[in-house]
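Only one structure is covered here, and it is reproduced in the block below.
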Amino acid sequence: MLKTMTCRVCGREFQARHTPAYYCSNACKQKAKRRRQHRPYEPVEPPRRPAPDQPAPPADCVSAVQDAQRVANDLGRLSATAPYQLRPRFARLAEAFAAALEAEGL
């Protein structure tokens with residue numbers, strides 16, 4: 001029995017062949033998947049350089065470490081979702097970042 005449903009992406013009504021149908025087409029299904037996976041780009045402020053004779057403020061050091069940890073995590077995620085040819089490269093980069101952070105005790 002066909003049931004009239006509304007597509008969650010484009011809002012069109014369609015005849016669902018089975019109960020858990022949420023999208024009217026494969027295109028809308030793919031669009032919804034991409035929206036779920038999309039992570040907006042977060043621009044990072046350029047680092048402020050302290051005067052050569054002064055140490056960097058602690059807040060800047062914490063921010064730099066958090067950025068490096070975020071990059072390592074992002075590279076690890078990319079090594080699992082990137083195209084097949086790029087996965088080993090992202091995995092090596094993620095390992096290098098993690099090793100550098102660990103070597104510094106961070």
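The values are calculated or read from the model by the stated rules, or taken from the named source; none is laboratory data. Since we're looking at a predicted model, the values are computed, not measured. Heads up, the Cβs are rebuilt from the backbone with ideal geometry, glycines too, and the neighbour counts pull from every protein chain shown.
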Fill in the blank from the handout: Scanning the range 1-36 for residues that are polar (S, T, N, Q) and not in a loop (DSSP other than H, G, I, E, B), the one nearest to Thr81 (Cα to Cα) turns out to be Gln30
Handout entry: Enumeration of residues in the range 2-32 that are surrounded by fewer than 12 Cβ atoms within 10 Å (Cβ to Cβ) and within 30 Å of Leu78 (Cα to Cα)
Key = Asn26, Ala27
Exercise for the section: Identify the residue in the range 38-87 that is within 22 Å of the chain's Cα centre (by Cα), modelled with pLDDT of 75 or more and part of a loop (DSSP other than H, G, I, E, B) and, among all such residues, is surrounded by the most Cβ atoms within 10 Å (Cβ to Cβ). Expected result: Ala82
Practice task
Consider only pairs whose beta carbons are under 9 Å apart and that are at least six residues apart or on different chains; among these, list those whose first residue lies in the range 74-86 and is of a type in the set (Lys, Arg) and whose second residue is surrounded by 10 or more Cβ atoms within 10 Å (Cβ to Cβ).
Solution key: Arg77/Phe90; Arg77/Ala94
